[in-house]
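Inspection log for the structure reproduced underneath, given as structure tokens.
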Amino acid sequence: MKKVILSLILAVTAMAAAFAQAPANPVAWRSNVKMQSATKGTVTFTAIVSEGWHLYGMQMPKGGPKPTTFSFAGSQGVKFAGAPVPSVQPVKKHDKMFDADVTYWEGRVKFTVDFEITD
């Protein structure tokens, strides 16, 4: 019985140590605004993905993982020209867990979208 309890304690400790190694936020985001005129510009969002992690694509199959999304719904005084465009195409791979082809980025990817100031 002591061996079973000791084994369980060691297993739980090992799992806790493994989870402690995961970054609190595996994707860091940066943004940059570049104005082309007094009322028009481009915003660039840069995703820096931690090693061993990935950022899912913007289009996912039904039943797959949640896609990367951008929402400008609450923006006032500015009109965005559609969805942000990624700097590189995502990797496409079959994911056994979702039994579907998914897309994702690793490392660093930039998303840009043009905008116009309306106020």
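Scan region 62-79 for residues that are among the charged types (D, E, K, R) and touching a residue at least 24 places away in the same chain (Cβ under 8 Å) and the total you get is 1. Within region 34-61, the set of residues being in contact with a Ser or Thr (Cβ under 9 Å, 6 or more places away or on another chain), touching a residue at least 40 places away in the same chain (Cβ under 8 Å) and part of a strand (DSSP E or B) comprises T42, V43, T44, F45, T46, A47, L55, Y56. Residues that are surrounded by 11 or more Cβ atoms within 10 Å (Cβ to Cβ), part of a loop (DSSP other than H, G, I, E, B) and not aromatic (F, W, Y) within region 82-119 comprise A83, P84, S87, P90, E106, G107, listed in sequence order.
Taking the criterion of being surrounded by fewer than 12 Cβ atoms within 10 Å (Cβ to Cβ) and over 19 Å from P26 (Cβ atoms), the residues of region 63-78 that qualify are G63, S71, A73, G74, S75, Q76, G77.
Throughout, read-outs are computed from the coordinates displayed, never taken from laboratory work. Computed from a predicted model, the values in this text were never measured in an experiment. Cβ sites come from the backbone with ideal geometry, for glycine too, and all protein chains shown count toward neighbours.
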